[in-house]
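Engineer: Once you've had a glance at the structure underneath, I'll fire off some questions.
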Amino acid sequence: MALPTLTPEQRADALAKAAEARKARSELLASIKAGKTTIDKVLAKAKEDKTIGKTKVKQLLMAVPGLGAVKVASLLEKAGIDAERRAAGLGERQRGALIDALK
C-alpha cells in the first residue's frame with residue numbers, strides 16, 4: 001500500500017504533532033527518573049493518557065532509578081510481558097505482576 005502524498009501544510013502539521021509527542025514522552029520519562037512520579041501510578045493511567053499508553057513498557061522501566069537493561073529484561077520475562085509491548089496494551093494481570101516484581 002502506497003503512502004498518501006501530503007501537502008506541505010499537512011506534512012508540517014504531522015511533524016509538529018510528532019515533535020510534541022516526543023517532548024511529552026521525554027517529560028514523562030524525566031519525571032519517572034527524577035522520582036516525581038512512580039511507575040505504578042504511570043501504569044494505572046496508561047489507558048486514559050495517550051502519551052503513557054503509546055510508550056513502550058521497557059522505556060518506562062528503564063527510566064526507573066536503579067533499573068538497567070538486564071534487570072528490566074528479567075522483570076519483563078518474569079511478568080510475561082513482551083519487550084515491545086506498549087503500556088496501554090498491558091492487561092490487569094500483567095500490570096499487577098510487574099508492580100509486584102518491582103516491590
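Only the coordinates and a few stated rules stand behind these numbers; no lab work does. It should be emphasised that the depicted structure is a prediction, and the values quoted were computed from it without experimental measurement. All Cβ positions, glycine included, derive from the backbone under ideal geometry; neighbour counts span all protein chains shown.
Engineer: Kindly provide the set of residues from segment 81-93 that are assigned to a helix (DSSP H, G or I) and over 21 Å from residue 66 (Cα atoms), ordered by number.
Structural biologist: Those that are assigned to a helix (DSSP H, G or I) and over 21 Å from residue 66 (Cα atoms): 88, 89, 92, 93.
Engineer: May I ask you to verify whether residue 57 is surrounded by 14 or more Cβ atoms within 10 Å (Cβ to Cβ) and either on the phi < 0 side of the Ramachandran plot or among the hydrophobic types (A, V, I, L, M, F, W, C) (or both)?
Structural biologist: yes
Engineer: Given (1) within 20 Å of residue 100 (Cβ to Cβ); (2) without any contact (Cβ under 8 Å) to a residue 40 or more places away in the chain, identify the lone condition not met by residue 39.
Structural biologist: Evaluating residue 39 over (1) within 20 Å of residue 100 (Cβ to Cβ); (2) without any contact (Cβ under 8 Å) to a residue 40 or more places away in the chain leaves (2) as the failure.
Engineer: Which one of the conditions (1) more than 11 Å from the chain's Cα centre (by Cα); (2) surrounded by 11 or more Cβ atoms within 10 Å (Cβ to Cβ); (3) outside any loop (DSSP other than H, G, I, E, B) does residue 6 fail to meet, given that it meets all the rest?
Structural biologist: (3) is the only condition that residue 6 fails.
Engineer: Okay, next question. Examine segment 46-64 for a residue that is of a type in the set (S, T, N, Q) and over 13 Å from the mean Cα position of the chain (by Cα), and state whether such a residue exists.
Structural biologist: No, that holds for no residue.
Engineer: From 41, 36, 71, 78, grab the single residue that is surrounded by fewer than 17 Cβ atoms within 10 Å (Cβ to Cβ) and part of a loop (DSSP other than H, G, I, E, B).
Structural biologist: Criteria check complete, one pass: 36.
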